[in-house]
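The structure under discussion appears below in the form of structure tokens.
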Amino acid sequence: QVQLVESGGGLVQPGGSLRLSCAASGFAFSRYAMSWYRQAPGKERELVAAFTSGGSRTNYADSVKGRFTISRDNAKNTVYLQMSSLKPEDTAVYYCKAARDSYMYYWGQGTQVTVSS
């Protein structure tokens, strides 16, 4: 049974920080490219942060560059998203994605992040 379980979301004030976790099981985690997406109500799901498919280089959306950091721990089958200097526009459901290639990938169930005072 393939599972991607996000956790760590919640309510935070503007300027605050959160760390999201995505725990993976049921597949060869180390051979999958991991990424984080987010989706606000009524909007398209957008890429937030990702490892490149072949290595440890990372890509970030311009809107989060310098504020968010993606990391992974293959020994724990877990990918993280460290978020700082959070803004109200960061409010969304955040999803973890594991991709073997363009045709084989999995999504987590999502975790809600709300940035509000």
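The values are calculated or read from the model by the stated rules, or taken from the named source; none is laboratory data. The structure presented is a predicted model; accordingly, all values stated were derived computationally and were not measured. Ideal geometry is used to build each Cβ from the backbone, glycine not excepted, and the neighbour counts take in all protein chains shown. Quick note on the areas: whole protein, heavy atoms, side chains included, nothing else; ligands and nucleic acids left out. Shrake-Rupley method; radii C 1.70, N 1.55, O 1.52, S 1.80 Å.
Here is how the numbers come out for the structure above:
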quantity: Percent RCO, i.e. relative contact order, over the chain, from Cα pairs under 8 Å lying at least 6 residues apart; calculated: 36
quantity: Region 27-116, accessible area per residue, ligands and nucleic acids excluded (1.4 Å, Å²); calculated: 55
quantity: Neighbourhood charge, 12 Å Cβ-Cβ cut-off, centred on residue 16 and excluding it, Lys, Arg +1 and Asp, Glu -1; calculated: +2
quantity: Isotropically averaged projected area of region 21-117, using the convex hull of Cα atoms (one quarter of hull area), nm²; calculated: 6.5
quantity: Positive dipole terminus of the chain, leading residue within 91, 5, 116 (C-beta point charges); calculated: 5
quantity: Test item: Cα-centred dipole of the chain, Lys/Arg +1 and Asp/Glu -1 on Cβ, debye; calculated: 220
quantity: Spacing of the two label points (7 Å from each Cα toward its C-beta) at residue 47 and residue 101, in nm; calculated: 1.8
quantity: Positive minus negative residues near residue 97 (Lys, Arg vs Asp, Glu; Cβ under 15 Å); calculated: +1
quantity: Förster-model FRET efficiency, 30 Å R0, residue 30 and residue 67, C-beta, rounded to 0.05; calculated: 0.65
quantity: Mean Cβ count within 10 Å, highest first, over the residues of peptides 32-40, 17-25; calculated: 32-40, 17-25
